[in-house]
1. Condition first: of a type in the set (K, R) and surrounded by 14 or more Cβ atoms within 10 Å (Cβ to Cβ). Can you find one or more residues in region 220-231 that meet it?
2. Residues A292, A284: which one is touching a Phe, Trp or Tyr at 6+ places or on another chain (Cβ under 7 Å) and at pLDDT 85 or above?
3. Mind counting the residues in region 280-293 that are part of a helix (DSSP H, G or I) and either in contact (Cβ under 8 Å) with a residue 60 or more places away in the chain or open to solvent by less than 80 Å² (accessible area, probe 1.4 Å) (or both)?
4. Looking at this structure, is V176 in contact with a strand residue (DSSP E or B) (Cβ under 6 Å, 6 or more places away or on another chain), among the β-branched types (V, I, T) and in contact (Cβ under 8 Å) with a residue 40 or more places away in the chain?
5. Looking at region 150-187, which of the residues that are within 20 Å of S226 (Cα to Cα) and in contact with an Asp or Glu (Cβ under 6 Å, 6 or more places away or on another chain) is surrounded by the fewest Cβ atoms within 10 Å (Cβ to Cβ)?
6. What is the residue count in region 294-313 for residues that are aliphatic (A, V, I, L, M) and touching a residue at least 24 places away in the same chain (Cβ under 8 Å)?
7. So, in region 294-321, how many residues would count as being surrounded by 13 or more Cβ atoms within 10 Å (Cβ to Cβ), of a type outside the set (K, R) and assigned to a helix (DSSP H, G or I)?
8. Kindly check whether there is at least one residue in region 197-219 that is modelled with pLDDT of 80 or more, part of a strand (DSSP E or B), under 22 Å from the mean Cα position of the chain (by Cα) and within 25 Å of D282 (Cα to Cα).
Amino acid sequence: MRGDRLLSILIQLQAYGQITAKELAERLEVSERTIYRDMEALSSSGIPVVAERGQNGGWSLLENYRTTLTGLTEEEMRALFISTSPHLLEVLGLSKTSKNARSKLIASIPSIYHKNAEEIWNCIHIDTSGWRNRQEKNAYFDVLKQAIWNCNQLLLGYERLDGSSGHQLVNPLGLVAKGSKWYLVALKNEDAFRNYRVSRITSAEILDVQFSRPKDFHLASYWETSTKAFMDTLPTYEVCVDVDPSILPRLAFTNRFMKKIETKSNKKGGWIRVKLTFDTKDEAVGYILSFADKIKVVEPVDLSDQIIHQAKAIISLSKSK
């Protein structure tokens, strides 16, 4: 325990230059007397710690002294060295930069850790691209990045879900990758946060007007709250179906907002009773039709009627060719 604390003190001194015994005691949750004993131990071991008295005084290291110790635990090493998604880095134009940074990061830590760091990269790889490698970067992606870095307002051309389009003046705050999809988070009218699907941006013009980022805005926290609010407001359409056991493992393999909420055995004919939820009735119709004769609707009745009607329309269309 004491060895960890001494290492923490060294890292604090390197990070802040000068720090008081009281501040160190509060950060490490020990008494000031303990800090003074630790300083004596560091000095005895050859670490050049010096104390400056007075109102603006405190402990510091001699000028130009740096230790090669990192203070990283094994779990911290793993968290730091896990590779970021190559797909996302490529879209951001940071693939080569990331490789260079990784080499520098390894070079900056003690050689005893080099092998561990390289093994971490060989044990875990994160790939956020889809199986069909559908990338959503569009022609204005670099423009968005530039506006975000420089805090310039943007005039966006945007195509809405209903097919209509228009222009909006926004203050761009950040880019978020949700799987392989990219979203621009921005302030509209300086008081309303908005999320824009990057693939639906039809134009982006950087204006010669800068803005100030909100001081209390944190992109990751905002996105987490925004995502939860979006999921909570999604419409819900619940369906009860009987399914052939052969397709049970496949029920969750869909891009739709579908969720399997209950499964129970149904001895009659070997079918299995399942409850599913969808966004809309149309989503349910398309999904159930995709399994042909391996799934049948129990409730609601009007959904079964619509599926039958849709199936007859497909047969009629096929016969007319």
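The values are calculated or read from the model by the stated rules, or taken from the named source; none is laboratory data. All values reported here derive from a predicted model rather than from experimental measurement. Cβ: placed from backbone, ideal geometry, glycine included. Neighbour counts: every protein chain shown. Ligands, DNA and RNA are excluded from the accessible area calculation, which covers all protein heavy atoms including side chains. Shrake-Rupley method; radii C 1.70, N 1.55, O 1.52, S 1.80 Å.
1. No, region 220-231 contains no residue that is of a type in the set (K, R) and surrounded by 14 or more Cβ atoms within 10 Å (Cβ to Cβ).
2. Just one listed residue meets the conditions, A284.
3. Residues in region 280-293 being part of a helix (DSSP H, G or I) and either in contact (Cβ under 8 Å) with a residue 60 or more places away in the chain or open to solvent by less than 80 Å² (accessible area, probe 1.4 Å) (or both): 9 in total.
4. Considered against the rule, which asks whether it is in contact with a strand residue (DSSP E or B) (Cβ under 6 Å, 6 or more places away or on another chain), among the β-branched types (V, I, T) and in contact (Cβ under 8 Å) with a residue 40 or more places away in the chain, V176 comes out as yes.
5. Selected residue: K181.
6. 4
7. Residues in region 294-321 being surrounded by 13 or more Cβ atoms within 10 Å (Cβ to Cβ), of a type outside the set (K, R) and assigned to a helix (DSSP H, G or I): 6 in total.
8. yes
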